[in-house]
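Data first, discussion second: the structure below is written as C-alpha cells.
What follows is calculated from the coordinates using simple rules that are stated; it is not laboratory data. The model shown is predicted, which means the values in this text are computed figures rather than measured ones. With ideal geometry, Cβ positions are generated from the backbone for all residues, glycine too; neighbour counts draw on all protein chains shown.
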Amino acid sequence: MHRLVTDITSGRLTRSEAELRLTEITREPKPYPRWLVTLCGGIFASFFVSYLGAPIFDAIA
C-alpha cells in the first residue's frame, strides 16, 4: 500500500493503473486471520482504557 501511494504521488501511475493495483492488493490473502486481528484490537483497547485511568476489571470488560 505504501508503494502504491508513493507511486501515485510521484506521478508514476495513472488513475486506472492505480485502481488495478489497489484491486490486486485488496484481493491478496491477509497475513493474519480475522480472529487474531479482533483479539489484538480488544487487547489494545483494554490497555488504552486502563492507560486513561479505568480500573483493570473495567478495562478487561
### So ALA18, is it surrounded by 10 or more Cβ atoms within 10 Å (Cβ to Cβ), touching a Phe, Trp or Tyr at 6+ places or on another chain (Cβ under 9 Å) and part of a helix (DSSP H, G or I)
no
### Query
So, in segment 1-15, of the ones that are among the hydrophobic types (A, V, I, L, M, F, W, C) and not in a helix (DSSP H, G or I), which residue ends up farthest from the chain's Cα centre (by Cα)?
LEU13
### Query
Right, PHE44: free of Cβ contacts under 8 Å to residues at least 12 places away in the same chain, surrounded by 10 or more Cβ atoms within 10 Å (Cβ to Cβ) and assigned to a helix (DSSP H, G or I) or not?
yes
### Task
Kindly list, by first and then second residue, each pair from a residue in segment 1-17 that is without any contact (Cβ under 8 Å) to a residue 24 or more places away in the chain to a residue that is in a loop (DSSP other than H, G, I, E, B), limited to pairs with Cβ atoms under 9 Å and residues at least 6 apart or on different chains.
LEU4/LEU13; THR6/ARG12; ASP7/LEU13
